[in-house]
Amino acid sequence: MSNSIFGQVTTVRKFVTGDIEVDFYHEDELSTYRYSSEPSRLGDFPKELIEILASTLATDICVEIFFGDDGNPTHVELEECDDEDDLDDEEFDEDSEE
């Protein structure tokens with residue numbers, strides 16, 4: 001059975017070796033995912049998927065990462081994030097107008 005996690009990219013590190021690391025914030029946790037072109041270095045994400053994650057840094061895009069039964073990522077889905085702070089501000093503004 002596959003599973004998924006939903007969150008946002010907080011940090012991207014690109015190295016001269018071509019390796020890419022992405023910090024992904026989800027469910028009050030920070031996970032680091034890596035791509036490496038060198039088989040001797042541990043990389044747990046395909047290049048195509050890690051580049052999509054990296055492209056969402058500093059945007060209002062949330063990412064859902066899907067993993068297969070073997071624990072490897074299979075695909076990602078992108079969607080616009082709801083900003084809870086904006087919703088709270090709107091509710092406060094409506095309450096103060098009454």
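The values are calculated or read from the model by the stated rules, or taken from the named source; none is laboratory data. Note that the structure is predicted; figures quoted are calculated from it, not measured. Methodologically, a virtual Cβ is constructed for each residue, glycine included, from the backbone with ideal geometry; neighbour enumeration extends over all protein chains shown.
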**Message:** Anything in the range 9-28 that is out of contact with any Leu (no Cβ under 9 Å at 6 or more places or on another chain), in a strand (DSSP E or B) and among the acidic types (Asp, Glu)? List them, or say none.
**Reply:** Glu21
**Message:** Given the criteria at pLDDT 95 or above and surrounded by 12 or more Cβ atoms within 10 Å (Cβ to Cβ), does Phe66 qualify?
**Reply:** yes
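Kindly indicate the residue of the range 29-51 that is outside any strand (DSSP E or B) and within 13 Å of the chain's Cα centre (by Cα) and also surrounded by the most Cβ atoms within 10 Å (Cβ to Cβ) among those meeting that condition.
Ile50
For residues that are in contact with a Phe, Trp or Tyr (Cβ under 7 Å, 6 or more places away or on another chain) and within 15 Å of Glu51 (Cβ to Cβ), scanning just the range 10-20, find the one that is surrounded by the most Cβ atoms within 10 Å (Cβ to Cβ).
It comes out as Ile20.
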**Request:** Within the range 52-76, track down each residue that is assigned to a strand (DSSP E or B) and either hydrophobic (A, V, I, L, M, F, W, C) or touching a residue at least 60 places away in the same chain (Cβ under 8 Å) (or both).
**Result:** Ile61, Cys62, Val63, Glu64, Ile65, Phe66, Phe67, Thr74, Val76
**Fill in**
Reported set for the range 12-26 where residues are without any contact (Cβ under 8 Å) to a residue 40 or more places away in the chain and under 17 Å from Pro73 (Cβ atoms) is Asp19, Ile20, Glu21, Val22, Asp23, Tyr25, His26
